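Below: one structure, written as structure tokens.
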Amino acid sequence: MNMLLNKLLIATVLFSPVAWASTPLKPVDLSSPRDTMHTFIQSMNQYKQGVIKSNSELESKIEKAIRTLNLENTPYVLRVEKGRETVKLLKEVIDRVKKVSFNEIPKQGDADLWRFPGTEITISRVKKGERAGEFLFSPETVFRAKEFYSKVKHLPYIKGTTKGALYKEPWLEEHVPKWAKNKIFLFENYQWIGLFLIIFLSGLFKKVVRFLTLRIKSITKKTTVKWDDQIIDALEKPVGSIAACAFLFFSIHALHFEGKALYFFTVIIQVLFSVALIQAAYRSVDVFTEYLFKFTKKTEPSLDDQLIPLIKKAVRFFVLVFGILMAIQNLGFNVMSILAGLGLGGLAFALAAKDTCANLFGSFMIFFDQPFKVGDWAVIGSQEGVVESIGFRSTRIRTFHNSLISIPNSTVANTEIDNMGKRAYRRVVAHLGLTYDTPPEKMEAFLEGVKNIIKANKTTRKDYFHVVFNKFSDSSLEVMLYFFLKVPDWSQEVIEKQNIYLEILRLAKEIDVDFAFPTQTLHVETFPEKQPGKLQQSSTKESLSQKAESFGPKGVNSQPAGLGIFTPPFQEK
């Protein structure tokens, strides 16, 4: 029972008129000319009291009064300022013309238009758009508000009114001489003079700001840290442009330009300001990523070092896109509607961007799988070289011809990758040819010497290598040399190979063996004037048979394991 009573009490509070009236999200009542005028007068009276009492909450009521204006013909970038000026002017005009009698204003919204008695101030129904059905001060009234004020500003306030909205005319209009108010072409004389003057001063102001920046830079150079110098370098150029744009913005409004001229100047200044701001943010990204790179250098995993270039490119892209969208939004365009419009061509865009998406996913594969990193010697498909950079779209390889090859990341993700930089050891296979007149004992001595050379080199793998008399080639006795080097890069590899080969040359000279080169010997058995001698068949066969048998099991010449000079590496204890 108590639970039911509590629910009824909550429902009563929530749905009571008092509860809804106190909500801060209550919409402004603009359902009829009377409601619109009541909202306007009440809000402006509260605003005036807020200014007098320095009450920010009451001062903010002017925003409610601006809601009663139809600003559809006012450029978006000027609506806030134009609205604040217009509601003050209208309040000044109305309080000098006639005290508002709400009973004389239509309550029902049957008529589409109502005109304030004795004036051209009009409240009309909005026919289309987001505010369709609301009664607002017409665009014509908004446009002519200053004209209305200029015609009645000399009149006293009507008794019973709150006496305007503390509106003050611009300082220039009150103090410039009459000749300066004469209009030439589009603007008044003082506006032309002021325009050229502020353009000159903005350039001077930009120079002054850059000079001060350089002075600050000279101070930061004396500090031990470098990040402050880098920040100053990044902001040195754009900060002057930002300051100049700010100066121009306030100066243009001080000269009291209006209408299309004010819109034109405001748009130009906002575009220049946005470009300078984006440039400052873009250049600051380099400072941030460089500091982050130095920090990750202290960590052990190489994943951080590989991530930094991707972060740098991603943040740069975000700064550009976000900056451009914000600039478009500030110019009065609805960015969300533009993006929604792009969705209509989403299918075509997706088909056109399929390769880009494939490359993007390929970059993620490289990042997470890490088949290689920047600086590795890698063979990717048919391309070989040192990885120079890994981007979102492609991977760049510096070949050994010093050319630069860009391979799409989608190709990298679907091809074989041989990372030569990941090798713990680098294999070397060499074939050494000795001349056919090399005696067996010298051959074994040569093999033993080469083995010791491999063992003496500090970079060779000692637990696995081969030095072996491999075969009888056409023009040489071939010795196969098979070993591994433990070196960090290719440059060190070729140097260590050179050292080993030089030692082998010295060994061959010491043992007195010769390296063979491709030769052919022509043996001439007979000449026309000579007869061949007859072979002593019996003695030759017997001697050859005995010599052949001496190399058999237990034969006097049998040395199946060699002469004992050379011991294979893998047989050593």
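The values are calculated or read from the model by the stated rules, or taken from the named source; none is laboratory data. It should be emphasised that the depicted structure is a prediction, and the values quoted were computed from it without experimental measurement. Cβ placement follows ideal geometry from the backbone for every residue including glycine, while neighbour counts extend to all protein chains displayed. Accessible surface areas use protein heavy atoms only, side chains included; no ligands, DNA or RNA. Shrake-Rupley method; radii C 1.70, N 1.55, O 1.52, S 1.80 Å.
What accessible surface, in Å², does a 1.4 Å probe find on Phe364, ignoring ligands, DNA and RNA and rounding to the nearest 10? Only protein atoms counted, so the area is about 80 Å². What do you get for chymotrypsin sites (Phe, Trp or Tyr not before Pro) in region 28-89 restricted to DSSP loop and a cutoff of at most 16 other Cβ within 10 Å of the site's Cβ? Within region 28-89, no chymotrypsin sites (Phe, Trp or Tyr not before Pro) qualify (loop, at most 16 other Cβ atoms within 10 Å). Taken one residue at a time, the phi angles of region 480-485 give Karplus couplings (6.51, -1.76, 1.60, θ = phi - 60°) of 8, 10, 9, 7, 10, 10 Hz. Gly and Pro are set to x. Altogether, the Stokes-Einstein calculation at 10 °C and 1.306 mPa s, with the Kirkwood radius of region 191-256 over Cα pairs as Rh, returns a diffusion coefficient of 122 µm²/s. When the listed pairs Lys207/Lys237; Lys61/Lys159; Lys88/Lys127 are checked against a 18 Å cut-off, the alpha-carbon distance exceeds it for Lys61/Lys159; Lys88/Lys127.
Basic side chains Lys and Arg get +1 at the Cβ, acidic Asp and Glu get -1 at the Cβ, and with that the dipole of region 37-179 about its Cα centre reaches some 300 debye. Pairs with C-alpha atoms separated by more than 32 Å, drawn from the list Lys206/Lys313; Lys53/Lys260; Lys128/Lys260, are Lys53/Lys260.
Looking at this model, which pairs from Lys221/Lys312; Lys99/Lys151; Lys82/Lys146 are more than 22 angstrom apart at the alpha-carbon? Over 22 Å apart, Cα to Cα: Lys221/Lys312. What you get for region 376-481, charging only the Cβ of Lys and Arg (+1) and of Asp and Glu (-1), is a dipole of about 540 debye around the Cα centre.
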